[in-house]
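Everything below concerns the one structure shown next.
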Amino acid sequence: MKANVRTSLTDLVPPLVALVLAGVVSSVIVLLTGESPLRIAHVMLSGSVGGAGSIAGTLEEATPLIFTGLCVAIAMRAGLFNIGGEGQLVVGAFVAAWIGYRVGGLDPALHVALCIALAGAAGALWALIPGLLKARFGAHEVINTIMLNYIAFILTNYLIGLPYFRKPGQIPQTEDVLASALLPRMTFLYKYTRLNLGFVLAVVCALLVFILLRKTGLGFEIRSVGYNPLASRAAGISVVRSTLMAMAIGGFLAGMAGSERVLGVHRHFISPFPFGYGFAGIAVALLGRNRPLGVVVAALFFGALANGGAQVDIATTVPRELVTVIQAIVIIFVACEYPIRHLVLRRRGAET
């Protein structure tokens, strides 16, 4: 038991060191802009958790990042690098909007569930394309998922221009989804928030992914293939099946992120669709060390950065784009955590 706790604490050291180093470098950049790092930190903290409205905004920003972070994390546990979360999200968002306004006469719970399920299925099918190419032909999933992102953007941009999908007017967008398809907003926390039930759904999905990876045979196979596909194949585990399932589950989660953006926030699909959540999910997964709980915590951190950054832009002379710079710095140091981990493990070995 003590060994497990010690191992868990050791696993926390590299990302924490990465965050500290990122904070130091970010402070230097803020100083170069002529502002005080302490003041910027105070404004960002106030803007992210300084009140009910700020907390709601942070949770709202974190919601799609939990989904896309899980999308990337489960693929990485299978030894895959799914960079296609952005395209899978957009495809899911388009399907959610389409079903949301085209299908009427349903009970609200059933309508919402149908929109989310079909959006997730669309994301899963989109992710299965590079998964199948990887499993059957060895085609690299990074290249294929990047290309499919562009195809998803272009395809949805084309479809939204067709009379069947497009709402009359100058703006290329669909009709607003029906009231029965809307995700309830959590106005009990803050009256004017866009935070919706999707946040609860995202946390539930994180718990389900944890159970899948740690408590099921499929999860064991996915993790085994991620550790060593050759040994897994020799042990009778189907690498093809594990690859396809990891990509499909990740795509389903990304599609759910798209449905949450449509049903709970924007209430329609617009071209171009707000992007960045799929790519940010990569950073979330890396910072969360590809663990479901870590993904949730990392998503909350990046959500706080995004929400606090808006307040920084308003209250200081530092541009909001600095938040993007800070995110990039965090990613750089997280990517460099392996030397840190090596030093920590070497020190543990010396102590024992």
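Descriptive notes on the structure:
- Residue that is nearest to Leu244 (Cα to Cα) [pool: residues in the stretch 31-48 that are crowded, with 16+ Cβ neighbours inside 10 Å and in contact (Cβ under 8 Å) with a residue 24 or more places away in the chain]: Ser48
- When residues of the stretch 186-216 are limited to those that are surrounded by fewer than 13 Cβ atoms within 10 Å (Cβ to Cβ) and among the charged types (D, E, K, R), the one farthest from Val295 (Cα to Cα): Lys191
- Residues of the stretch 283-308 satisfying the condition of being of a type in the set (S, T, N, Q) and either surrounded by fewer than 23 Cβ atoms within 10 Å (Cβ to Cβ) or out of contact with any Gly (no Cβ under 9 Å at 6 or more places or on another chain) (or both): Asn290
Table: residues versus (1) within 24 Å of Ala310 (Cα to Cα); (2) modelled with pLDDT of 85 or more.
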residue	(1), (2)
Thr10	no, no
Val24	yes, yes
Ser27	yes, yes
Thr58	yes, yes
Glu61	yes, yes
Phe67	yes, yes
Ile74	no, yes
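- Residue check for Tyr190: aromatic (Phe, Trp, Tyr), in a loop (DSSP other than H, G, I, E, B), touching a Gly at 6+ places or on another chain (Cβ under 6 Å) and at pLDDT below 95: yes
- Considering residues of the stretch 145-160 that are over 15 Å from Gln88 (Cβ atoms) and in contact (Cβ under 8 Å) with a residue 60 or more places away in the chain only, the residue surrounded by the fewest Cβ atoms within 10 Å (Cβ to Cβ): Asn157
- Residue within the stretch 168-185 that is of a type outside the set (Ser, Thr, Tyr), farther than 20 Å from Gly255 by Cβ and part of a helix (DSSP H, G or I) present: yes
- The stretch 304-332, residues that are over 23 Å from Ala52 (Cβ atoms) and of a type in the set (Asp, Glu): Glu321
- Residue in the stretch 58-79 that is among the aliphatic types (A, V, I, L, M), within 25 Å of Phe210 (Cβ to Cβ), in contact with a Cys (Cβ under 7 Å, 6 or more places away or on another chain) and in contact (Cβ under 8 Å) with a residue 60 or more places away in the chain present: yes
- Single unsatisfied condition, Gly219 versus (1) surrounded by 19 or more Cβ atoms within 10 Å (Cβ to Cβ); (2) more than 24 Å from the chain's Cα centre (by Cα); (3) free of Cβ contacts under 8 Å to residues at least 40 places away in the same chain: (2)
- Applying the condition of being more than 20 Å from Thr193 (Cα to Cα) and of a type in the set (S, T, N, Q) to the stretch 309-318 and asking which residue is surrounded by the most Cβ atoms within 10 Å (Cβ to Cβ) yields Thr316.
- Extreme residue, surrounded by the fewest Cβ atoms within 10 Å (Cβ to Cβ), among residues of the stretch 245-259 that are closer than 15 Å to Phe275 by Cβ and touching a Ser or Thr at 6+ places or on another chain (Cβ under 9 Å): Ala257
- All positions within the stretch 268-279 that are part of a helix (DSSP H, G or I) and within 18 Å of Gly198 (Cα to Cα): Tyr277, Gly278
- Yes/no for Ala280 being of a type in the set (A, V, I, L, M), closer than 18 Å to Thr68 by Cβ, at pLDDT below 95 and surrounded by 24 or more Cβ atoms within 10 Å (Cβ to Cβ): yes
- So Gly161, is it over 28 Å from Leu230 (Cα atoms), small (Gly, Ala, Ser) and out of contact with any helix residue (DSSP H, G or I) (no Cβ under 8 Å at 6 or more places or on another chain): yes
- Residue among Leu118, Leu59, Leu70 that is crowded, with 17+ Cβ neighbours inside 10 Å, under 27 Å from Tyr227 (Cα atoms) and not polar (S, T, N, Q): Leu70
- Filter result (crowded, with 24+ Cβ neighbours inside 10 Å and not hydrophobic (A, V, I, L, M, F, W, C)) within the stretch 225-244: Ser242, Thr243
- The stretch 121-139 residues that are farther than 11 Å from Gly250 by Cβ, paired with ones that are part of a helix (DSSP H, G or I) and acidic (Asp, Glu) (beta carbon under 8 Å, 6 or more apart): Leu133/Glu141; Lys134/Glu141
The values are calculated or read from the model by the stated rules, or taken from the named source; none is laboratory data. Keep in mind the model is a prediction, meaning the values are calculated, not measured. Don't worry about glycine lacking a Cβ; one is built from the backbone with ideal geometry, like all the others, and counts go over all protein chains shown.
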